[in-house]
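The values are calculated or read from the model by the stated rules, or taken from the named source; none is laboratory data. Note that the structure is a prediction, hence the values are computed from the model and not measured. Cβ placement follows ideal geometry from the backbone for every residue including glycine, while neighbour counts extend to all protein chains displayed. The area values use the complete protein model at the heavy-atom level, side chains included, leaving out ligands, DNA and RNA. Shrake-Rupley method; radii C 1.70, N 1.55, O 1.52, S 1.80 Å.
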Amino acid sequence: MQLSLYNSLTRTTERFQAIDEAGQTVTFYACGPTVYDYAHIGNFRAFLNADVLRRTLESIGYTVNQVMNITDVGHMTEDNLADGGGEDKMQVAANRLTEAKKAGTLPEDSEIDPNDPYAVASFYADAFLEDGEMLGMRIVEDAKQSMDCMPRPTAYIEQMIALIGQLIENTHAYVATDGVVYFDVMSYPEYGKLSGNTLDSLRSGEGGRVDMETQSIKKHPADFMLWKPDAKHLMRWASPWGEGYPGWHLECSAMACALLGDVIDIHSGGEDNIFPHHECEIAQSCCATGNTSFAHYWFHTRFLLVDGGKMSKSKGNFFTLRSLIEKGATPAAVRLELIKTHYRSNANFTMQGLKDAQRQIERWHRLKRWLEQHREHAIDARGPLSQAKDKFMEAMCDDLNVAGAIGALSEAVSAYAVEQEPTVTGEGGTLQDELDALHAMDEVLGVLNLQHEASTTTLAVETIEAMLEERITARDNKDWSRADDIRDELLEMGIEIKDGPEGTSWTRVVQ
Ligand code: AMP
Ligand code: ZN
């Protein structure tokens, strides 16, 4: 089967063709998390869609050589400006953890020294790997064999320095009067091809904000930082341009090249990575290697919205996998909820959607158990699931039409009455074939092997109190539907609340 895939670089849906002459191996670089905090479910939407793409390729016979970085350096809070700015994100995390340590709210088992940026990064990297495993990311499985596929930029500083040297030699980079090494965007006519920006629009600030501080010393306002000498920076290394740190776009070019080659098949990320991050990666890689292409296919996932809006801590709609599990969600349902909307549309996360996903997974599990019980029962050669499998794969190969694929699977699931003994009989096949077809489809969706039963530990008092607080705020704002949702969510988790003249009280109910 052939995969059609939308390519953000050409803005068309193309027939996927691997670089590998034998057409068997695919090189795939996925931009990973910056480990200065827990990854949120929006981040996971981007990572899980990359995982679904990988699984689809594997299901149609490719071997996927995937790399996902775990960024532990180089990101600044203002890094959508061409040269960074603001604070180092690791410094922000260190400050936050220092405060948490003082307040005694760090997780009990963490021995973390907030002044050690490597320890801060490791703390959140471990949390990311735990979450990624719970959500069934294959790259995290690979990483159990060797962490080479999940590299950290702090281990690739040497390669980044070599890359800068090459760019200077090829006259695509220069040292400005402030000692900072910049990429010279005017030296690369293709700059802007991915994002649709032009050098003129970038000069006027249309394509993004312009850093006023460095504007006068750069050849073009869009020139971006490759190395910044800064002897006081939290994380710094010796280089020919002084002690300092690399620009954040550099890491992905250096690690993709070191681990996958100068030109790769697929590169993925969230939509906000298109500019400046991926635009700059292409410029760096192509100008260093002299190739006309860095990645053949660019795969970008649109943003996840929550209740139709941006996820934000102040709105109380900011979720991590951990926070959802505390509210009684299961990793299987979170995964399904995050992959079920087409990756090129915004997805809207709701608690109701999560509950529907949970119900759907329970149906699949019921059928799976039933098929296992009756696996030897003879049926006609191709039962409903075996037939659905073809439609399922066709939908997946149509630019990852997950909704269409799930539709085909659900229709086949409905053909079975799992409360009864099998009634269909025939020749040429058994229910084992149906079970195999179910598993084959799940190789792509990746939900059936994940935890699908809510944790049996009782809800922590702090969580209940926090949800009650949230309900009070919702009521104060006359957001009755949110207040009702919170009441329902609590009830589902075994907590009944009563409003009275003294305020709100709660009791645990036996479920
Ligand atoms: P970061 O850890 O900030 O570097 O982000 C990791 C990945 O998550 C990047 O590929 C982002 O593009 C992506 N991302 C961030 N927020 C969202 C969101 N709300 N929905 C989907 N992807 C996102
Ligand atoms: Zn990247």
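Ranked from highest to lowest mean number of other Cβ atoms within 10 Å per residue, what is the order of the peptides 422-435, 256-269, 172-185?
Ranking, from highest mean packing down: 256-269, 172-185, 422-435.
Mind checking which of 165, 348, 59 is farthest towards the positive end of the chain's charge dipole, using Cβ charges of +1 (Lys, Arg) and -1 (Asp, Glu) about the Cα centre?
348
With an 8 Å cut-off on Cα pairs and a minimum separation of 6 or more residues, tell me the relative contact order of the chain in percent.
16
Name the residue farthest towards the positive end of the dipole of the chain from the options 400, 428, 237, assuming +1 on Cβ of Lys and Arg, -1 on Cβ of Asp and Glu, about the Cα centre.
Working it through, the farthest residue towards the positive pole turns out to be 400.
How much FRET efficiency would the formula 1/(1 + (r/R0)^6) give for residue 350 and residue 141, where r is the Cβ-Cβ distance and R0 is 30 Å, rounded to 0.05?
That pair, residue 350 with residue 141, gives E of 0.55.
How large is the accessible surface per residue of the stretch 125-271, computed with a 1.4 Å probe and reported in Å² as a whole number?
Ligands and nucleic acids excluded, the figure is 42 Å² per residue.
Please list the non-local residues whose amide H lies under 5 Å from the amide H of residue 452, H modeled 1.01 Å from N, same-chain partners needing a gap of 5 or more.
When sequence neighbours closer than 5 places are left aside, there are no close amide H contacts.
State whether the stretch 255-414 is rounded, prolate or oblate according to the following rule on the C-alpha gyration tensor (a ≥ b ≥ c being the square roots of its eigenvalues): a/c under 1.5 gives rounded; otherwise a/b larger than b/c gives prolate, and the remaining case gives oblate.
It comes out oblate by the Cα gyration axes.
If you count only protein heavy atoms and use a 1.4 Å probe, how large is the accessible surface of residue 123, to the nearest 10 Å²?
The accessible area of residue 123 comes to roughly 40 Å².
Would you please classify the overall shape of the chain from the alpha carbon gyration tensor, given that a ≥ b ≥ c denote the square roots of the eigenvalues, rounded means a/c under 1.5, and beyond that prolate means a/b larger than b/c while oblate covers the rest?
Oblate shape, in that a/c is at least 1.5 and b/c is the bigger or equal ratio.
Go ahead and collect, in residue order, the members of the stretch 306-330 whose backbone nitrogen is under 18 Å from a label point 7 Å along the Cα-Cβ direction of residue 403.
Counting only backbone N, you get 306-309.
Using unit Cβ charges (K, R positive; D, E negative) and no other charged atoms, how large, in debye to the nearest 20, is the dipole of the stretch 383-430 about its Cα centre?
Dipole about the Cα centre, nearest 20: 40 debye.
Quickly work out the residue 496-to-residue 233 label distance, labels modelled 7 Å from Cα along the C-beta direction, and quote it in nm with one decimal.
Output for this residue pair reads 5.9 nm.
Using a 10 Å cut-off on Cβ atoms, rank the peptides 372-382, 305-315 from the highest mean neighbour count down.
372-382, 305-315
Treating only the Cβ of Lys, Arg, Asp and Glu as charged (+1, +1, -1, -1), what charge dipole size does the chain show about its Cα centre? Round to the nearest 20 debye.
Taking the Cα centre of the chain as origin, the dipole is about 760 debye.
About its Cα centre, how strong a charge dipole does the stretch 90-163 have in debye, to the nearest 20, once Lys and Arg get +1 and Asp and Glu get -1 at the Cβ?
Result for the stretch 90-163 is approximately 280 debye, rounded to the nearest 20.
Tell me what the chain gives for mean residue ellipticity at 222 nm when only DSSP H runs of n ≥ 4 count, each as -39,500 (n - 2.57), the sum divided by the residue total, rounded to 500 deg cm²/dmol.
-13000 deg cm²/dmol
Which Rg and Dmax, in Å, describe the Cα atoms of the stretch 118-244?
18.4, 49
Number of Lys pairs in the stretch 220-371 with C-alpha atoms less than 18 angstrom apart, excluding same-chain neighbours closer than eight positions?
For the stretch 220-371, qualifying lysine pairs total 4.
Which percent, nearest 5, of DSSP beta bridges in the chain are antiparallel?
55
Mind checking which of 246, 298, 330 is farthest towards the positive end of the stretch 239-389's charge dipole, using Cβ charges of +1 (Lys, Arg) and -1 (Asp, Glu) about the Cα centre?
After comparing all options, I get 330.
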